[in-house]
Every structure is written in C-alpha cells, then in structure tokens.
1. Residues being more than 18 Å from residue 30 (Cβ to Cβ) and not in a loop (DSSP other than H, G, I, E, B): count how many of those fall in the stretch 121-132.
2. For the stretch 36-53, state whether one or more residues are at pLDDT below 90 and over 22 Å from the mean Cα position of the chain (by Cα).
3. Considering 22, 7, which residue is under 30 Å from residue 155 (Cβ atoms), exposed (fewer than 13 other Cβ atoms within 10 Å of the Cβ) and either touching a strand residue (DSSP E or B) at 6+ places or on another chain (Cβ under 8 Å) or modelled with pLDDT under 85 (or both)?
4. Here is a list of conditions, (1) in contact with a strand residue (DSSP E or B) (Cβ under 8 Å, 6 or more places away or on another chain); (2) at pLDDT below 90; (3) at negative phi, and residue 14 meets all of them except one; can you say which number that is?
5. Would you check if there is a residue in the stretch 148-162 being at pLDDT below 75, over 23 Å from residue 24 (Cα atoms) and surrounded by 13 or more Cβ atoms within 10 Å (Cβ to Cβ)?
6. Determine, yes or no, whether residue 179 is at pLDDT below 85 and surrounded by 13 or more Cβ atoms within 10 Å (Cβ to Cβ).
7. In the set 111, 124, which member is over 24 Å from residue 32 (Cβ atoms) and surrounded by fewer than 18 Cβ atoms within 10 Å (Cβ to Cβ)?
8. What about residue 135, is it at pLDDT below 90, within 24 Å of residue 32 (Cβ to Cβ), part of a strand (DSSP E or B) and touching a strand residue (DSSP E or B) at 6+ places or on another chain (Cβ under 7 Å)?
C-alpha cells in the first residue's frame, strides 16, 4: 500500500513540475509614436509562477525608415525594457528594427520578440515596470555610438507580454500531497 501511495505521489510531483503555463498580459501601448515617445505600466507576477522560463512580446505594427544626412537611410526601432520600479534595476530587453529596406514606405512587423539579458527569478518577487519607446537604431560615427534624432514615425497595432513558466500549484494539489506525506509518516496502528 505504501509503495502505491509513493508511486502516486511521485507521479503527481512529476506532472506538476512538467506542466508549463502561458500567461498573457495585453499591453495598452497601441498607437502612433514619434522619436523618443514612451509608454509604460507596472505589473506583478508574485502569485502566478514558481519558475519563469521565457518572456517575450507578441506584437505587430509598422516602422518608417529615416534618412540621415551623415549616414543615409537607417532603421528605426521599438525597444521594450523590463525593470523593477527603479528604472536602473534592469531585467531584460526586446526590440524590433526596420524601415530601411522599404523607405520611404513603412515596413510592417508581426512577430514575437524574446527578451534578452535576463534573470527571470527577479520577476517572481514584487512590482515591475515595462517601458516601450520608439527611436532610431544606434550608429557608430567617428568611433562613437550615437542615436541621431529622428523625424520618422512608428506604430504599434497590438502588443501582448507573454510569460512561459511553471505555475504555482493549486491548493487542492498541495493538500493532496500533504495528506499523502502525512499518511506515509504515520502508518496505521494494528488493533487486536
């Protein structure tokens, strides 16, 4: 009987660990953007995951290229930063670039951009901020990396922040595991 219960517990634990969940957070950042326009909001994932595997933004919109006197035609970009409420406590970044190949027309995009430079364990504790901004891509001029002012526009039609991770187990699952462990710890007493 104990063997059967142990096998069931191990199976439950493996099922709980292997099940991943996708949580989608729709972002209200749609609309037209000009050079260095930003949008931001806060969010909290405190009781959603015990582990986060990936974070990405699923978005669509358009980017206009920019004609720069010194360089020529360049891409513009949307950049998304994740950070704690303090903007210097950086967690990750995703971006999309375009517009140079289709200049003077806009270039459409519809893609999922994976966040880079991250430690997702930080997202499990407290409030965070996501910030979206529009601007030119950085370029090297005279050995210095600079972003030149832009007079182009970009637009975001849809945007959803997507988290892929292991969810916090449901209370019923935790209760079942606790009862099973309690049963294993206290074997039945034989009565005569």
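1. Within the stretch 121-132, the first condition is being more than 18 Å from residue 30 (Cβ to Cβ), and the residues that meet it are 121-129.
Add one more test, that the residue is not in a loop (DSSP other than H, G, I, E, B), and what stays is 121-124, 127-129.
The qualifying residues number 7.
2. Here is the first cut: in the stretch 36-53, the ones at pLDDT below 90 are 36, 43-53.
Then drop every residue that is not over 22 Å from the mean Cα position of the chain (by Cα), which leaves none.
Taking every residue of the stretch 36-53 in turn, none turns out to be at pLDDT below 90 and over 22 Å from the mean Cα position of the chain (by Cα).
3. Working: 7 fails: under 30 Å from residue 155 (Cβ atoms).
Answer to the check: 22.
4. Tallying (1) in contact with a strand residue (DSSP E or B) (Cβ under 8 Å, 6 or more places away or on another chain); (2) at pLDDT below 90; (3) at negative phi, residue 14 fails exactly one: (1).
5. In the first step, residues of the stretch 148-162 are kept if they are at pLDDT below 75; the result is 148-150.
Filter once more, keeping what is over 23 Å from residue 24 (Cα atoms): 148-150.
Those left that are additionally surrounded by 13 or more Cβ atoms within 10 Å (Cβ to Cβ): 148, 150.
The answer is yes; a qualifying residue exists.
6. On the way: at pLDDT below 85: yes; surrounded by 13 or more Cβ atoms within 10 Å (Cβ to Cβ): no.
Answer is no for this residue.
7. Working: 111 fails: over 24 Å from residue 32 (Cβ atoms).
Result of the check over 111, 124: 124.
8. On the way: at pLDDT below 90: yes; within 24 Å of residue 32 (Cβ to Cβ): yes; part of a strand (DSSP E or B): yes; touching a strand residue (DSSP E or B) at 6+ places or on another chain (Cβ under 7 Å): yes.
Considered against the rule, which asks whether it is at pLDDT below 90, within 24 Å of residue 32 (Cβ to Cβ), part of a strand (DSSP E or B) and touching a strand residue (DSSP E or B) at 6+ places or on another chain (Cβ under 7 Å), residue 135 comes out as yes.
The values are calculated or read from the model by the stated rules, or taken from the named source; none is laboratory data. What you see is a predicted model, and the numbers here were worked out from it, not measured in a lab. Heads up, the Cβs are rebuilt from the backbone with ideal geometry, glycines too, and the neighbour counts pull from every protein chain shown.
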